[in-house]
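Structure first, then comments.
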Amino acid sequence: MEVNRFKAKITPYLFIGPAVILLLIFSFLPILVSLAISFTDMNLSGLANWSQINFIGFDNFITLFKDEVFLKSMRNTFFYVIIGVPAAVISSFVIALLLKFVSDWMSSAFRVVYYLPSVTNIVAIAVVWGFLYNQEYGLFNYLLSLFEINAIPWLEDPLIAKLSLILLTVWKSNGVSMLIFLAALQSIPKMYYEAADIDGANRWQKLCRITLPSMRFATFFVTVTTVIGWLQFFEEPFVMTEGGPLNGTNSMALFIYQEGFQYSEFGYGAAASFILFIIIILATVVQFILRKSDEN
Amino acid sequence: MKIKTRKSIHLFCLLVLIVFISACSSSSKSSGAADENTITVWTMTKGLDEFVTEFEEESGVSVEVQAIPWENAHDKLLTAVASGKGPDVLQIGTTWVAEFAEAGTFLDLSDYITHYDNLSADNFYESAVETTKFEKQTIGIPWYVDTRALFYRTDILGDLGYPNGPSTWEDMIEASRQLADRGDDQYAIDLPATDPQFPFVLAWQFGWNYEVGEGAANFDHANFEEAMKLHHLFYDEGLSQTGEGKEFFQAFEDGSKPMFISGPWDIKTIKDRAPDIERKWDVRLMPKAENNKSMMGGAHWTVFHNSDKVDQALDFINWMADPETQVKWYEANSELPANTVAWEDPILADDPMVSTFGEQLEATQPLPLIPEYERLGQELLNTLEQINRGGADIDKSLEAYRNEVSRILGE
Amino acid sequence: MELKNRFERSIVNTLLFMGGLLVSLPFVWMILSSFKNEREVLSIPPTLFPNEPTFEHYINLFQNLNFDIYLVNTFIIVFFSMVGLLLNTMAGYGFGKFQFRGKEIWFATVLLTMMIPGQVTMIPTYLILNEAGLTNSMAGIVLPGLIAAFNIFLIRQFMVTIPDDLIEAARLDGAGEFYIFFKLIIPLAKPILAVQIILTFIGAWNSFLWPLIIANDESLYTLSVGLALLQDQNVTNYGLQMAGSTFMVVPVLIIFIIFQKHIVEGFNVSGIK
């Protein structure tokens with residue numbers, strides 16, 4: 001009996017152990033190292049010769065909050081999150097829902113089609129969208145000109161460029177969220193709907209009473225990860241605009257990359273990444289709290 | 001007690017995993033690098049692997065070439081510097097020399113050079129040699145060089161009375177105004193908008209020079225400002241396009257941008273991608289302000305600081321620096337020889353366009369060897385973007401740039 | 001949730017069709033462009049179908065790529081990523097279906113690692129691997145990417161929805177914990193595991209930065225790294241890139257088509273009873 005109790009106690013650790021240990025070594029430990037670096041002036045020479053690293057306290061953080069480019073990239077990042085997250089979550093949800101309505105083979109086929117952007121090479125995306133967005137020769141402006149609408153500077157105006165990148169990214173990232181929503185939709189027991197049919201519920205009622213509540217987990221998951229994804233927004237501005245025009249599309253992750261890897265200012269870059277890290281934690285914690293209060 | 005068991009179970013799981021994985025991987029570990037007579041070479045340039053077989057046969061040293069994509073070379077070098085695990089021989093771009101030299105990445109070659117035929121500084125373009133010197137050390141041997149010159153359409157510029165292209169910036173402006181006046185979507189020239197070197201090249205041509213030690217005050221000179229105003233003029237008057245527009249070779253082909261400033265590799269680009277305008281274009285030296293200096297780019301060979309095969313490494317570099325090898329490398333990969341003797345070979349001397357680049361190489365300026373140089377260029381590009389596109393005041397923006405420079409240099 | 005009305009059905013179909021067209025255009029363009037010569041790829045206005053179809057990029061691809069080595073390395077990475085997926089699934093199950101001391105804290109730790117901005121940990125991770133003597137080895141390439149907090153989180157969310165009664169019943173029948181996990185939980189988790197397998201495969205198949213950074217030896221390069229090497233420094237060879245991407249995407253699509261079918265299988269509730 002004693003042996004069994006012991007067994008029951010360690011079982012969960014056997015399941016989570018390997019994963020947690022690996023995470024501790026390869027994710028948690030590095031972040032602690034980074035935290036330490038953020039209080040130093042470490043650059044390339046410091047990397048080669050640790051004796052050249054100086055502890056400089058909060059200097060990096062103070063400089064950051066005076067750095068116009070950093071502040072701008074922070075504002076841009078918030079803009080991306082506020083517009084991008086609802087757009088991405090709602091559109092992938094709608095696609096998943098529509099796919100449930102059609103016959104099985106059509107659903108399979110369209111699932112592949114809607115997943116294609118996620119597997120399309122980023123360079124191909126940059127070339128094609130670069131053409132779509134080209135101010136003078138682009139397809140979008142050509143279509144607009146048919147309706148006598150003036151050309152829009154898709155990537156040439158800081159504000160419009162942000163929106164253009166959001167559109168592109170929503171288009172690209174829908175695939176994965178759609179899959180998660182689909183998996184969740186599939187796991188709603190059919191008998192719920194059958195019971196509702198017997199009660200004579202209409203389609204709207206079924207959506208609101210059965211589908212949406214059953215999807216709470218999935219929606220929560222997709223929202224949390226999408227928020228994190230947008231806060232770490234990097235690849236699209238990197239390939240499409242390199243943060244321009246006038247830093248109008250620069251994001252915090254891109255700023256970190258520029259400082260840390262292009263200019264080898266590891267201390268400064270690490271400090272910026274910590275601010276981003278804290279913002280992400282705060283955003284996630286808020287969502288968990290909201291969910292808790294929603295459940296109660 | 002319990003906690004201990006728990007921990008040991010965790011550790012055990014991890015151990016099993018690591019042993020398992022490393023057992024699977026050990027077979028793929030290289031054994032070559034440990035070999036006495038094998039040197040490892042890191043390069044960002046394609047085609048070296050096949051090229052070195054001749055050297056391997058001649059010398060009996062085997063060369064293990066690891067190619068690294070340019071885009072990720074910086075990351076890869078950073079990790080090599082961090083761990084001290086690098087190759088024996090390492091290619092380095094001229095703009096990265098100061099940054100990595102300051103971090104002690106390279107072996108000082110000063111004492112070795114005299115023992116080899118081809119490594120003497122006299123063999124190479126002077127500006128190229130200057131970027132191999134960092135704080136009185138010689139950290140590298142020039143491999144290939146690279147510069148910028150003016151590509152232009154002989155037919156279109158000929159109609160305006162410049163069959164040989166504009167030779168001064170005054171002529172350039174005059175011609176450009178006419179070209180831009182041809183109508184909507186017609187421009188004169190594509191300036192290298194994303195090349196952080198170019199604004200400095202322009203300033204050199206106005207007689208400016210970067211003095212290490214003066215720091216931000218360097219950018220307070222009248223001739224620097226003059227150059228930046230010239231840059232602004234091209235965008236202000238619509239002589240150059242602010243946004244992206246077409247691919248440059250298309251715009252060059254259809255004549256909407258009949259000039260651009262670029263490097264020797266674009267000779268091939270235009271030949272391949274715009275064959276319809278054959279014989280209707282040429283390359284000429286940079287337009288002149290006070291002088292017509294261009295930049296000296298390219299790459300050097302260096303020896304990693306803790307290599308224990310210095311002799312073999314230098315044998316290899318010596319072979320690469322040989323005029324004959326340099327010509328062969330040019331033939332194989334179109335990269336211009338750093339060794340001036342190689343330029344006498346008819347393969348280079350009889351090609352007029354390449355010779356133009358050879359001539360431009362005589363009028364080049366080495367980059368100032370400070371680690372922050374690339375950063376300063378990037379910030380200058382940002383500043384110019386704010387002036388040209390954002391409509392910022394030029395004096396105020398340059399003032400802000402000087403403050404930024406002070407910050408970067410830690411003054 | 002079925003549409004009975006014919007009119008409604010055709011609206012939904014049209015919507016999906018239009019959206020699908022819009023969404024797949026760059027993909028189609030990518031494939032068709034891989035058969036265009038360099039001049040045509042970037043011509044304005046762009047062409048959809050190649051004027052003079054050419055296989056030069058594919059020939060170039062196969063001639064210049066150490067195809068066999070890169071492919072083997074890529075498969076090794078894919079294999080280990082699947083081992084990683086198993087560990088992720090175990091962890092997700094552990095967090096979803098067990099009560100134990102420190103659970104909240106450990107789970108929070110896992111979530112925390114998901115929020116780390118990617119570039120930050122690169123150099124520290126490299127230094128750790130270096131200390132462990134794992135640079136220039138397959139272990140060094142594989143280990144850091146083995147566990148993904150995102151996946152653990154997703155799997156946990158799913159595990160939570162599995163009824164406890166089911167597991168209890170199995171325990172009362174005398175089944176061991178790992179027997180329950182492999183014979184009961186994994187089959188039940190099929191939809192979410194199908195998603196996971198797709199995502200894990202894609203990640204491993206495209207792995208690029210770690211193989212490049214950890215390997216001091218081209219014999220450890222992967223297909224993605226090999227493709228990146230074909231790029232010129234100064235001139236972007238778009239046709240070649242498109243051919244490379246097309247070539248890389250085919251296995252991904254095959255895996256996707258195979259596993260997405262399993263997403264459809266949901267709980268069979270009557271069976272659970």
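The values are calculated or read from the model by the stated rules, or taken from the named source; none is laboratory data. This one's a predicted model, so the numbers in the text were calculated from it and none came from an experiment. So basically every Cβ, Gly included, is an ideal-geometry build from the backbone, and we count neighbours across all protein chains shown. The area values use the complete protein model at the heavy-atom level, side chains included, leaving out ligands, DNA and RNA. Shrake-Rupley method; radii C 1.70, N 1.55, O 1.52, S 1.80 Å.
One table, with the values for the structure above:
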quantity: Cα-Cα P(r), chain A, percent of pairs per 5 Å interval; calculated: 1, 5, 9, 11, 12, 13, 13, 12, 9, 7, 5, 3, 1, 1, 0, 0, 0
quantity: Nonlocal amide H pairs with residue B:190, under 5 Å, H built at 1.01 Å; calculated: B:259, B:260, B:261
quantity: Where B meets C: accessible area buried, both sides, 1.4 Å probe, Å²; calculated: 3500
quantity: Apportionment of accessible area to carbon and sulfur, the protein assembly as shown, percent (1.4 Å); calculated: 58
quantity: Karplus (6.51, -1.76, 1.60) ³J(HN,Hα), θ = phi - 60°, over segment A:146-155, in Hz, Gly and Pro reported as x; calculated: 5, 9, 6, 9, 5, 4, 9, x, 3, 10
quantity: Violating pairs (Cα-Cα greater than 26 angstrom) within the set B:46/B:268; B:76/B:133; B:246/C:36; A:66/B:136; B:136/B:309; B:46/B:136; calculated: A:66/B:136; B:46/B:136
quantity: Semi-axis lengths (Å, descending) of the ellipsoid that matches the C-alpha gyration tensor of segment A:137-194; calculated: 39, 14, 8
quantity: Fraction of antiparallel bridges per DSSP, the protein assembly as shown only, in percent to nearest 5; calculated: 65
quantity: Residues losing 30 Å² or more accessible surface upon assembly, segment B:266-314, compared with the chain by itself, 1.4 Å; calculated: B:273
quantity: Chain B - share of DSSP beta bridges that are antiparallel (%, nearest 5); calculated: 65
quantity: Net charge, residue C:117 excluded, C-beta distance under 14 Å - Lys, Arg +1, Asp, Glu -1; calculated: -2
quantity: Volume of the Cα convex hull of chain C, divided per residue and given in Å³; calculated: 193
quantity: Cα-Cα separations in the protein assembly as shown greater than 55 Å, expressed as whole percent; calculated: 17
quantity: 5 angstrom amide H check on residue B:66, placed H, neighbours 5+ away; calculated: B:41, B:42, B:43
quantity: Reachable lysines, given that their alpha-carbon falls under 20 Å from the alpha-carbon of residue C:103 and they are not under 8 places away in the same chain; calculated: A:7, A:9, A:292, B:2, B:4, B:7
quantity: Qualifying aspartates and glutamates (Cα of each under 15 Å from Cα of residue A:100; at least 8 residues distant if same chain); calculated: C:2, C:8, C:265
quantity: Per residue Cα convex hull volume in Å³ - calculated over segment B:56-193; calculated: 208
quantity: Sum of side-chain charges, residue A:267 neighbourhood, beta-carbon under 13 Å (Lys, Arg +1; Asp, Glu -1); calculated: -4
quantity: Cα-based Kirkwood hydrodynamic radius, chain B, one decimal, Å; calculated: 23.7
quantity: Highest-fluctuation residue, A:111, A:203, A:75 considered, GNM on chain A with Cα pairs under 10 Å; calculated: A:203
quantity: Interface residues, segment A:58-76 - accessible area loss of 10 Å² or more versus chain alone, probe 1.4 Å; calculated: A:63, A:67
quantity: Accessible area expressed per residue, the protein assembly as shown, with surrounding protein chains retained (probe 1.4 Å, Å²); calculated: 42
quantity: Amide proton proximity set for residue B:148, modelled H, under 5 Å, gap of 5+; calculated: B:295
quantity: Accessible surface buried upon A-C contact (total; probe 1.4 Å; Å², nearest 100); calculated: 8000
quantity: Among A:202, A:134, A:76: highest mean-square fluctuation, GNM of chain A, C-alpha pairs under 10 Å; calculated: A:202
quantity: Chain B: DSSP helices with Cα axial extent of at least 27 Å and average Kyte-Doolittle hydropathy no lower than 0.0; calculated: B:2-25
quantity: Most mobile listed residue (B:387, B:68, B:139) in chain B, GNM with C-alpha springs under 10 Å; calculated: B:68
